[in-house]
Amino acid sequence: MLRLTRRQFIAGSALLGAALATPGAQAQTRPRFLKIDTRTLVVNGKAARVFSLTESGRHSGLKFDPGERFTVALENRLTEPSIIHWHGMTPRPEDDGVYDTGYGAPLAPGETRKYDFPARPGTHWMHSHHGLQEQALLAAPLIVRTAEDLAEDAQEVVVLLHDFTFRDPAEILAGLTGTPASGGGMNHGAMNHGAMSHGTSGGMDLNDVEFDAYLANDRTLDDPEVVPVERNGRVRLRIINGASATAFWIDLGGTLASAIAVDGNPVTPLVGSRFPLAQGQRIDLMLTVPAGGIVPVFARREGDTIRTGLVLAAPGALVPKLPERTPAQEAPVDLSLETQLRAPTPLPARAADMVQEVMLMGSMAPYAWTMDGQTWDTRNRLTVKAGQRVELTFWNHSMMAHPMHLHGHHFQVVGIGDARFSGAIRDTVLVPPMARVTIAFDADNPGRWLYHCHNLYHMAAGMMSEIVYA
């Protein structure tokens, strides 16, 4: 697919439609070579050194066709250790891309590690699980297509969202916690443009960190990516919130779209033009770009007037300047979508063998975040048995929202507050302040598995624990 900036589009560069792969026989598994490295990114006119995660040093991330296994050789070309978590995959625990649970160690500089397991279909992503490297953009899309995806008469557009800072992430965490910086992220070698602050909304605390920019596929709205749309104007958007500490509202400028999947799992289609997306979550939207027109795909930061995004443009369309700021402040991301989502294939009906409440606690001052009052070092391990149906109720006793992610499994959202329903299948769910969200999963992947808040700074400050199979 040829992708253009707004300036290139207006200047009259050739518009080449994205040709979808022709549906056919199942793809044959072939080895992939993924490289962790560095690159230079220009943001707001300033250069920054950030990480990269590319297939054979060329394309960001990985895409798999139906029938392919996740057969990947991962090479660390950095001068520091790293490790990549395959967010949304459900491999054996030793292939999960973490080392906190005792499986292996980070990749040393120059080391290559091989992975081979079934690829779970859907819109997923991959990111560092070492220190604060994720904040320095060590993340990329991980897309696994189904035969049905390839048969759709729709153009695929992947959008990866980030919050960006010129500061060393370790300095940001140190400023939040009041402790000396201990490394864990790339030093960008630029001025300090990222003051730390947080806003409030109705008693909620929002946005631990003020970032320098918010990116959609590495670009701001000052010079956004413009995606030429053909294929009858039908587009499947695969949107990934890879931001470290920012939740967004996806706003299509009034264009209606059908939400058809979340976190890589199908949902009963739900029509709308605004969709909430917490850190770590993904959403697939199907829409049509009108002939000669455009559809802006905005990601609006909660509790703020700033936004990022890209533009879908039909042939001959004029792309106007899209301001980064809006007159009105965006509302906090909430569970309005979650209450409506339904899984077309829910978990098989059965009683829970284990029911557990997990208390999410913490505050901005002092900056400390816990699960059941414990940090990672003193964590309460949750012990399950293979074959059990497990229900966890995340009960948020803090004034900040927490997107909770479970490794090695996908779960079903089965309750919000006292209301029970057959909700979406996910791997990350938002738990707003003072709210209760209940999830259910089958313990079918023995090992030790992390579960944690996907706000990177909350996790680093202690909000992480593990599930251990007996």
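The values are calculated or read from the model by the stated rules, or taken from the named source; none is laboratory data. Since we're looking at a predicted model, the values are computed, not measured. No Cβ is skipped: glycine too gets one built from the backbone with ideal geometry, and neighbour counts run over all protein chains shown. Surface areas here come from the heavy atoms of the whole protein model, side chains and all, with no ligands, DNA or RNA. Shrake-Rupley method; radii C 1.70, N 1.55, O 1.52, S 1.80 Å.
Mind running the shape call on the stretch 273-342? Use the C-alpha gyration tensor, a ≥ b ≥ c as the square roots of the eigenvalues: rounded below 1.5 for a/c, prolate if a/b tops b/c, oblate otherwise. Taking the square roots of the gyration eigenvalues as a ≥ b ≥ c, the stretch 273-342 is oblate.
Pairs of Cα atoms nearer than 8 Å and 6+ residues apart set the relative contact order; for the stretch 317-459 it is 26 percent. Put +1 on the Cβ of every Lys and Arg and -1 on every Asp and Glu Cβ in the stretch 392-467; which of Ala440, His402, Gly423 then has its Cα farthest towards the positive end of the dipole? It is His402, whose Cα lies furthest towards the positive end. Placing Leu176, Leu341 in order of accessible area, with the largest value first and a 1.4 Å probe, yields Leu176, Leu341. Specify whether the C-alpha gyration tensor of the stretch 268-309 places it in the rounded, prolate or oblate class, a ≥ b ≥ c being the square roots of the eigenvalues: rounded for a/c under 1.5, otherwise prolate if a/b is larger than b/c and oblate if not. Cα axes put the stretch 268-309 in the oblate bin. Solvent-accessible surface of the chain, taken per residue with a 1.4 Å probe and all protein chains present: 37 Å².
Here the spin labels are modelled as points 7 Å beyond Cα on the Cα-Cβ line, and at Asp444 and Arg342 they lie 2.2 nm apart. For the chain, the carbon plus sulfur part of the accessible surface works out to 52%, probe radius 1.4 Å.
Remark on the stretch 23-106: hydrodynamic radius 14.9 angstrom, per the Kirkwood mean of 1/r across alpha carbon pairs.
Summary value for the chain: 13 percent relative contact order, contacts being C-alpha pairs under 8 angstrom separated by 6+ residues.
Working from label points 7 Å from Cα in the Cα-to-Cβ sense, the Asn232 to Thr393 distance is 4.8 nm. Subtracting the Cα-Cα distance of Glu94 and Ser258 from their residue separation scaled by 0.36 nm leaves 55.4 nm.
About the centre of its Cα atoms, the stretch 358-435 shows a dipole size close to 220 debye [charges on the beta carbon of Lys, Arg (+1) and Asp, Glu (-1) only; nearest 20 debye]. Residue separation of Thr112 and Thr268 scaled by 0.36 nm, minus their Cα-Cα distance, works out to 52.1 nm of gained length.
For the Cα trace of the chain, dividing Rg by the Kirkwood Rh returns an Rg/Rh value of 0.94. From helices alone, the chain scores -1000 deg cm²/dmol at 222 nm; the rule is -39500 (n - 2.57) for each run of n ≥ 4 DSSP H residues, then divide by the residue total.
Heavy-atom accessible area with a 1.4 Å probe sorts Asp163, Asp222, Asp372, largest first, into Asp222, Asp372, Asp163. Taking a virtual spin label 7 Å from the Cα of Thr79 along the C-beta vector, which residues in the stretch 109-123 bring their backbone nitrogen under 15 Å of it? Within reach of a label on Thr79: 109-110.
Dipole magnitude for the stretch 265-339: computed about the Cα centre from +1 point charges on Lys and Arg Cβ and -1 point charges on Asp and Glu Cβ, it is near 260 debye. When the square roots of the Cα gyration tensor eigenvalues are ordered a ≥ b ≥ c, the ratio a/c for the stretch 339-470 is 1.5 or more and a/b does not exceed b/c, which makes its shape oblate. Here the stretch 274-420 is treated as a Stokes sphere of Kirkwood radius computed over C-alpha pairs; at 37 °C and 0.692 mPa s its diffusion coefficient rounds to 171 µm²/s. Solvent-accessible surface of protein heavy atoms, probed at 1.4 angstrom with all chains present, puts Met399, Met286 in the order Met399, Met286, largest first.
Computed over the stretch 384-446, the convex hull of the alpha-carbon atoms projects to a mean area of 4.2 nm². Taking the average, over residues, of other Cβ atoms within 10 Å as the packing measure, peptides 429-437, 242-250 rank 242-250, 429-437 from highest down.
For the chain, lysine pairs separated by 8 or more sequence positions, or belonging to different chains, with Cα-Cα distances below 28 Å total 5. Across the stretch 31-91, the mean sequence separation of Cα contacts (distance under 8 Å, 6 or more residues apart), normalised by length, yields a relative contact order of 38 percent.
Extension gain, Arg381 to Ala151: 0.36 nm times the residue separation minus the Cα-Cα distance gives 78.4 nm. Mean projection of the Cα convex hull over all viewing directions, computed for the stretch 191-322: 9.1 nm².
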